[in-house]
Amino acid sequence: MIAEFKEKKAQETTSLISTTIDTSNGPKFINGLRLKLVQLKIKFTLLKVILKCYYNPIVWIQSLRYLIKLRRRFLGNIKVHKMVYINGKYHIGLYTPGWNSSLYEKFIASNLNDFKPIKLVEVNRFNNIFFAITKKCALQCEHCFEWDNLNKKETLSDDQLMEVVKRIQDKGVSQIHLSGGEPLIRMDAILKILNHADKSTNFWVVTSGFKLNNTNAKRLKEAGLKGAVISLDHFIPEKHNTFRNFKDAFYWVEEAVKNANNNNLITALSLCTTKDFISEENLMSYMELAKKLKVSFVQFLEPKAVGHYVNKDVLLNPQQIGVLENFFIKMNFTNKFGNYPLITYHGYYQRRQGCLSAGKKGIYIDTDGDMNPCPFCHKKNGNVLDSNFNSNLNILQSAGCSSYN
Ligand code: SF4
């Protein structure tokens, strides 16, 4: 009864938020029979990839078991209840390439390569790379992890940005997330990167939404951008603007989602789940807004004591983590919320599976081109443009992640 009341209140709260969103474009969430059919087809794809990767029938069975175990390490025995269908592909998460695509098959083969090295088909060294392409930003967010570098002189030229992307692509990578600073301040550089890059990688921008007007969304789509992860830290405009220290921050989130959706870019909202924000009621209000905006994904990022938050008491306690985990399971894995955006919650996976970044499946490349374990763990470990890039990458990987190993 209380839960129903809270949900109703959350719906009322978001209906009070006047948005200018054109909701004509956006994702479709699939459940029930259609989901089962797609899952069956995905199983055939897995078999097809396994048969392509290995000759030995015993290894076929072992590798299938490996994939099942891998999935269980992330989610236990919870069954998938929904997928997002957008632009002809079916997605189970923000960081997994959509099925049905050659990139999805390569993603599976790349995971199998960790089980038993594959010689028969090409695999990707990385699943996703975060690459901060600019130090410039108009905002001054409470939690900014790039705070110490913000608005300093750029280090990398456009050509060097493209060279970094090339070196990463030469190793094989499913997704590159271009971040900053505010990446759209360097719009021309993004277009150059997209136009020169190999098309085998999905490119995303990680943005506050600033400058993602219709013209830019159209240019980015035409250049090959896959999607936009747009930061939104509260469902109440004034609170988001205060968090971001920028009076038009919420306006730009609305604009960005609308323009990205209208140009067939996949959209995700990213929420910094602060101690003050975490409550079932607030999370529900946020999801109501996310649904109304027609985004495909919502990402939960737990605050870390880096950048602007350094030396601050921002880490969540077990009770707050419990609220987030229960909410994540309820929204993603129960029938009642089948048509709400899919939540990606790194902390949930990392606590069960360990860290997949830190050189394993991903790294964070900062605005100097230096390699770090992840966007929240700033330990520079050589530069991508250095001649000893490979050995530095190996050092980074063997040092691993200090938080989730
Ligand atoms: S968090 Fe992002 S949007 Fe906010 S100040 Fe830092 S770089 Fe800018």
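The values are calculated or read from the model by the stated rules, or taken from the named source; none is laboratory data. Since the model is a prediction, treat every value here as computed from it, not as a measurement. Note: ideal-geometry Cβ built from the backbone for every residue, glycine included; neighbour counts use all protein chains shown. The area values use the complete protein model at the heavy-atom level, side chains included, leaving out ligands, DNA and RNA. Shrake-Rupley method; radii C 1.70, N 1.55, O 1.52, S 1.80 Å.
Quick notes on this structure:
- Here each label is just a point 7 Å from Cα along the line to Cβ, and for residue 394 and residue 281 those points are 5.7 nm apart.
- 115, 130, 277, ranked by accessible area, largest first (probe 1.4 Å): 115, 130, 277
- Difference of contour (0.36 nm per residue) and Cα-Cα distance, residue 153 to residue 351: 67.5 nm
- Cross-link check: pairs 292/380; 89/247; 199/239; 41/360; 43/304 evaluated at a Cα-Cα cut-off of 31 Å; pairs beyond the cut-off: 292/380; 89/247; 199/239; 43/304.
- Lys/Arg +1, Asp/Glu -1 at C-beta; the range 30-115 dipole; positive extreme among 76, 86, 96: 76
- Shape class for the chain, computed from the alpha carbon gyration tensor (a ≥ b ≥ c): rounded, with a/c under 1.5.
- Difference of contour (0.36 nm per residue) and Cα-Cα distance, residue 56 to residue 325: 92.8 nm
- With 0.36 nm allotted per residue and the present C-alpha distance subtracted, the residue 33-residue 368 stretch has 115.7 nm of extension available.
- For the chain, averaging the sequence separation of C-alpha pairs within contact (under 8 Å, six or more residues apart) and dividing by the residue count gives a relative contact order of 19 percent.
- Computed over protein heavy atoms with a 1.4 Å probe, the carbon and sulfur contribution to the accessible area of the range 125-399 reaches 49%.
- Under the span-like rule (Cα at least 30 Å along the axis, Kyte-Doolittle mean at least -1.0), DSSP H helices of the chain: 32-53
- For residue 40, the accessible surface of its heavy atoms amounts to roughly 90 Å² (probe 1.4 Å, protein chains only, rounded to the nearest 10).
- The chain - charge dipole about Cα centre, Lys and Arg +1 at Cβ, Asp and Glu -1, debye rounded to 20: 1800 debye
- Distance from the range 113-160 to the range 337-405 (C-alpha centre basis), Å: 9 Å
- Here the Gaussian network model covers the chain, with springs between Cα atoms less than 10 Å apart; of 57, 373, 303, 57 fluctuates the most.
- GNM top mover of 63, 391, 179 - the chain, alpha-carbon springs below 10 Å: 391
- Nearest-10 value in Å² for the accessible area of residue 226, using the 1.4 Å probe: 50 Å²
- Per residue accessible area in Å² of the chain, where ligands, DNA and RNA are left out and the probe is 1.4 Å: 45 Å²
- Most mobile listed residue (308, 234, 177) in the chain, GNM with C-alpha springs under 10 Å: 308
- Residue 102 exposes around 100 Å² of accessible area when a 1.4 Å probe is run over every protein chain in place.
- Taking the range 130-178 and dividing mean pair separation by its residue count, relative contact order in percent (alpha carbons under 8 Å, at least six apart): 55 percent
- Helical content alone sets the calculated 222 nm signal of the chain at -14000 deg cm²/dmol, taking -39,500 (n - 2.57) per DSSP H segment of four or more residues and averaging over every residue.
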